[in-house]
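Below you'll find the structure, written out as structure tokens, and then a few comments.
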Amino acid sequence: MLTYTARRLGLGVAIILVAMAILFSMIYLIPGDPASVALGPKATPEMIAHLRERMGLDQPVWRQFVNFVGSTLRGDLGEEALSGRPVLTVVMEQLPFTLALVFCGILWSVALGVPLGCIAAVRRGGFVDRVIGVLSVAVIAVPSFVIAIYALLIFAVRLQWLPAIGAGEPGSIASQLKHLILPSLAVGLGWVGYIARMVRASMLETLEAGHIRTARAFGLPERWIVYTYALRIAILPTVTLLGVGIGHMLSSSVFAEIVFARPGIGKLVYEAISTRNYPVVTGAVLVTTTFFVFVNVLADLVIGLLDPRVRASFN
């Protein structure tokens, strides 16, 4: 297990370094001068030159990249172009809102997808299985921003059951949870279909295993067999799928935060791109990339703990 853990952590660090190089290249290749855009059309050449020097844009490209990697490894993501506030502080102020949105989206997808997948596997080939299959494909096909808009129009505007915009009153957990229902549903509903299909396929394979047939031969109740023995094995691929799904939900949160006027990383990046605030864009993307890699490494470690065959393959 130690060898498996070390290799997964090393791979995660390598992915982050590659992501840093790609991000720096993409930011550098974008046309336009960040200093000129940030200061506006009335800025003098002296003001632009001063801001370019403060942002390090007057140095050679290779020096900018070395400084970028070195400062990032030290935890320094630079300063915001106009206010001068540390980028890490700006990002960390918005990160909790996005994490709450993503984790609530995961709860939606797991709470709905796992039972639907189990029911579809048990009722294989029947009417219920076909209905769940159609619904799974339907929610996968619908983009998250479409779900967000229709959820807003139906439940907030027409029925007025839930609040339309904002993140809730500060300090009020009930208000914040109420404001999380619609955006997290928009983020997580699409992954209900993925999880339901994955659980169904894994359950069908697991229900044909020898130990399941033995349990049936002993006369154990079918519900006990499905949810106690089969699901424990069939859920393993879903754990890996959730690691990938978190990255997708992070990107979907951009639309949810804009539609529902919520604070968060997605809205921060959108506004920073609009104003060419490159330090904020870079810092926000690096933080979310690191979080995504960490979650996937954690998912791999959970799989390794639950399935000895996985970690044995690394020895």
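List of remarks:
- Electrostatic bookkeeping for residue 100 treats Lys and Arg as +1 and Asp and Glu as -1; over the other residues with beta carbon under 13 Å from its beta carbon, the sum is +1.
- Close amide H pairs (under 5 Å, H built 1.01 Å from N) link residue 79 with 87, residues at least 5 positions away or on another chain.
- Of all accessible heavy-atom area on region 252-292, the percent that carbon and sulfur account for (1.4 Å): 71 percent
- Accessible area expressed per residue, the chain, with surrounding protein chains retained (probe 1.4 Å, Å²): 54 Å²
- At an R0 of 30 angstrom, the distance between the Cβ atoms of residue 239 and residue 129 translates into a FRET efficiency of 0.80.
- With DNA, RNA and ligands ignored, accessible area of residue 76 (1.4 Å probe; Å², nearest 10): 80 Å²
- When you count the other C-beta atoms within 10 angstrom of each residue and take the mean per peptide, 256-266, 137-147 line up highest first as 256-266, 137-147.
- The portion of the accessible surface of region 118-246 made up by carbon and sulfur, rounded to a whole percent, is 67 (1.4 Å probe; DNA, RNA and ligands excluded).
- Of the DSSP H helices in the chain, those that are both long (alpha-carbon extent of 30 Å or more along the helix axis) and hydrophobic (Kyte-Doolittle mean at least 0.5) are 2-29, 87-122, 173-206, 236-259, 278-306.
- Taking all protein chains as they are arranged and a probe of 1.4 Å, the heavy atoms of residue 50 leave approximately 120 Å² accessible to solvent.
- Nearest-20 debye value, the chain charge dipole, Cβ charges on Lys, Arg, Asp, Glu: 980 debye
- Taken as Cα centroids, region 176-223 and region 250-285 sit 33 Å apart, rounded to the nearest whole angstrom.
- Cα-centred dipole magnitude for region 105-208, charges only on beta-carbon of K, R (+1) and D, E (-1), debye, nearest 20: 220 debye
The values are calculated or read from the model by the stated rules, or taken from the named source; none is laboratory data. On a predicted model such as this, the values are computed, not experimentally measured, just so you know. Cβ coordinates were reconstructed from backbone atoms using ideal geometry, including for glycine residues, and neighbour counts include every protein chain displayed. Accessible surface is based on the protein model in full, side chains and every heavy atom, while ligands, DNA and RNA are left aside. Shrake-Rupley method; radii C 1.70, N 1.55, O 1.52, S 1.80 Å.
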